[in-house]
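Note sheet for the following structure.
Just so you know, all these numbers are worked out from the coordinates, no wet-lab data involved. Everything quoted here is computed from the prediction, not taken from an experiment. With ideal geometry, Cβ positions are generated from the backbone for all residues, glycine too; neighbour counts draw on all protein chains shown.
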Amino acid sequence: MTKMQTPEQVAAASQANLEALMSLANSAIARAERLAELNLNTVRSVLEDSVATTRKLAEVKDPQQFASLQGELTRPMINKAVAYARNVQEIATEGQQEVSSLFEKQIAELNKRFHDMIEQAARQAPAGSEGVFQAVRSAMNTANSLYEDASKAARQAAEVAEANMAAATEATVRAVTAAGKK
């Protein structure tokens, strides 16, 4: 007969899950605060830049001066937009990594508990049932291997997407800068 969990064990597991959930919630709130602060600072900066741009445009006397000023005013706005996108991506990436880390810890704990339960059952099982437990262990190892491979592939895909985003951003900045110099 397998050993049942005691009320203390259930309470401890519930407490650990609650703490993990609270940690995740507090982290999400902190990221939301960072994003709100980033948005407010960006809006403030754009407003200040718009006022300065309007003043500069009001001082323009001829089309040549306007063309020159246009490139001068465009580059800083694009650089700020790129910086904003990078900051948002950083905040989102941190959140994704934290959720992934928590999920991986929970899966590891679940696997440990399941392994312990199987071992306990195997010790108490009647003679001749070793093959059944070996099949269960093998299936568990296969499932864990598949999970690890899928997690690794997901991390690699996220890294590739992040690298592609950075490359596309840099290409956009270079193209706009080049166009502004013409």
Can you check what the Kirkwood hydrodynamic radius comes to for the chain, Cα pairs only, in Å to one decimal? 22.1
Fewest to most Cβ atoms within 10 Å: Val10, Val136 sort as Val10, Val136
Nearby aspartates and glutamates by direct alpha-carbon distance to Lys112 (threshold 16 angstrom, same-chain neighbours under 8 apart not counted): Glu104, Glu148
Treat the count of other C-beta atoms within 10 Å as a stand-in for reagent exposure and order Thr53, Thr74 from fewest to most. Thr74, Thr53
Return the calculated 222 nm mean residue ellipticity for the chain, to the nearest 500 deg cm²/dmol, obtained by summing -39500 (n - 2.57) across DSSP H runs with n ≥ 4 and dividing by the residue count. -34500 deg cm²/dmol
Ranking Val132, Val88 by Cβ neighbours within 10 Å, fewest first, what do you get? Val132, Val88
Filtered trypsin sites (Lys or Arg not before Pro), the stretch 27-115: DSSP coil and at most 11 other beta carbons within 10 Å: Lys61
Give the dimensionless ratio obtained when the Cα radius of gyration of the stretch 1-67 is divided by 2.2 N^0.38 Å. 2.59
Using eta = 0.890 mPa s and T = 25 °C, Stokes-Einstein with Kirkwood Rh from Cα pairs puts D for the stretch 88-141, in µm² s⁻¹, at 182
Output the DSSP H helices from the chain with an along-axis C-alpha extent of no less than 18 Å and a mean Kyte-Doolittle hydropathy no less than -0.5. 7-58, 130-181
